[in-house]
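Okay, so here's the structure we're looking at.
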Amino acid sequence: MTRIRADENSRGQLPNPRPPAACAAGLPSFCKLLKSLPLLVPDILPAPLLSADVIDIDRISPAIRPEGRAIGHHVWSHLLFVHWRVPIEMIRPLIPPELSLDTWDGDAWVGLVPFDMSGVRPWWSPAVPGVSNFRETNVRTYVHHRGRDPGVWFLSLEASSSLAVRVARWRWHLPYFRAQMTLAHGAEAIEYRSRRLWPGPAGQGCNIRAEIGPLLGEDDSERALPLGRAVPGTLEHFLIERYILYAHDAQGAVLSGRVHHTPYSVREARLTEVHDTLLPAAGITPLGPPCHTVFSDGVSVEIFPLRPITAIPALSPSPREPWRRGL
């Protein structure tokens, strides 16, 4: 369970910065060699050793709209991105072996992201009142596949719609849970509350309050991008601009899917309360309070189908594998 006070989290800043990653810690020759062989790295290193700290990953191309017709449409609103820095060894057992953790400054990151969903519909249907609108909270970490396609691995997802939970577990094989959720917001503050109902043990949840600040870059007169746009190469861009999700099918084979939307318009945010038991329920015990928080008013999203990441079938996972938790 995580609790913080208002003075323990500052807007978009990292407390206690970590030392530089491997390239600045005595291994420059090794890192230089790896970066000079980008096409060979995925073949010569096992997946758990690959990370964004030692290889270059294209983080711009995933934002380009995929070809073909979207299979669904959403609107995501009032998103609060709350993040913890966590040790790699804590997260590695929770993701499938085909994927590698996407790290920043030598650590893995876990996000708690509550928001509103609206206009949820398949491509062939209009939105349905009372069905297409609900609230969601996800717990997620960041991964890539052999040095490319940086994306999201969901550790758990809460939704206030029973239908959405059943469809997502059946169709997308994602660890959704039905939850009772509320969201209240004003011009400068927002509050989320969530309590898990089913499947499995009930009661896990989160209470979060935050103050909403100005758009990113408001104090930067030389900023090249529009106000609010996360700049590539920054931590905000690493954490927020994610257009690929990974999941698995009923047999355990890893799949990837794409979403497309305009880049988020990001605002500074400051937490004033966090009470969370969703991370521990997903197998994560943070070593401290959240260290990065931002907010976005929202985006309209196109959803594209899941596809296998490889033609080689994955081995069927055993019931003991933690990354199958919740399904």
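The values are calculated or read from the model by the stated rules, or taken from the named source; none is laboratory data. Owing to the predicted nature of the structure, the values given are computational and were not obtained by experimental measurement. Don't worry about glycine lacking a Cβ; one is built from the backbone with ideal geometry, like all the others, and counts go over all protein chains shown.
Annotations
- Selection of region 178-237 for residues being farther than 20 Å from residue 272 by Cα and of a type in the set (Val, Ile, Thr) yields 231, 234.
- Number of positions in region 190-205 that are among the aliphatic types (A, V, I, L, M) and free of Cβ contacts under 8 Å to residues at least 60 places away in the same chain: 2
- One residue from 222, 268, 236 being in a strand (DSSP E or B) and of a type in the set (Asp, Glu): 268
- Yes/no for residue 67 being of a type in the set (Asp, Glu) and in contact with a Phe, Trp or Tyr (Cβ under 7 Å, 6 or more places away or on another chain): no
- Any hit, region 198-211, residues being of a type in the set (A, V, I, L, M, F, W, C), farther than 16 Å from residue 115 by Cα and surrounded by 20 or more Cβ atoms within 10 Å (Cβ to Cβ): no
- Considering only residues in region 180-200 that are of a type in the set (A, V, I, L, M) and assigned to a strand (DSSP E or B), the one that is farthest from residue 282 (Cα to Cα) turns out to be 189.
- Subset of region 109-137 that is over 23 Å from residue 205 (Cα atoms) and assigned to a loop (DSSP other than H, G, I, E, B) - its residue that is modelled with the lowest pLDDT: 130
- Candidates 154, 177, filtered to the one that is in contact (Cβ under 8 Å) with a residue 60 or more places away in the chain, farther than 23 Å from residue 293 by Cα and assigned to a strand (DSSP E or B): 177
- The condition (being in contact with a strand residue (DSSP E or B) (Cβ under 6 Å, 6 or more places away or on another chain) and farther than 22 Å from residue 298 by Cβ) is satisfied by just one residue among 174, 112, 99: 99.
- Boolean, residue 159 is free of Cβ contacts under 8 Å to residues at least 60 places away in the same chain, over 28 Å from residue 246 (Cβ atoms) and touching a strand residue (DSSP E or B) at 6+ places or on another chain (Cβ under 6 Å): no
- Within region 242-270, the residues that satisfy the criterion of being over 13 Å from residue 305 (Cα atoms), aliphatic (A, V, I, L, M) and touching a Pro at 6+ places or on another chain (Cβ under 9 Å) are 253, 254.
- Within region 70-101, the set of residues being surrounded by 21 or more Cβ atoms within 10 Å (Cβ to Cβ) and either among the β-branched types (Val, Ile, Thr) or free of Cβ contacts under 8 Å to residues at least 60 places away in the same chain (or both) comprises 82, 91, 95, 100, 101.
- Taking region 279-308 as the range and being among the hydrophobic types (A, V, I, L, M, F, W, C) and crowded, with 16+ Cβ neighbours inside 10 Å as the test, the residues that pass are 279, 281, 282, 284, 291, 294, 295, 299, 301, 303, 304, 306.
- All positions within region 192-226 that are within 20 Å of residue 264 (Cβ to Cβ) and either modelled with pLDDT under 95 or touching a helix residue (DSSP H, G or I) at 6+ places or on another chain (Cβ under 9 Å) (or both): 211, 216, 217, 218, 219, 220, 223, 224, 225, 226
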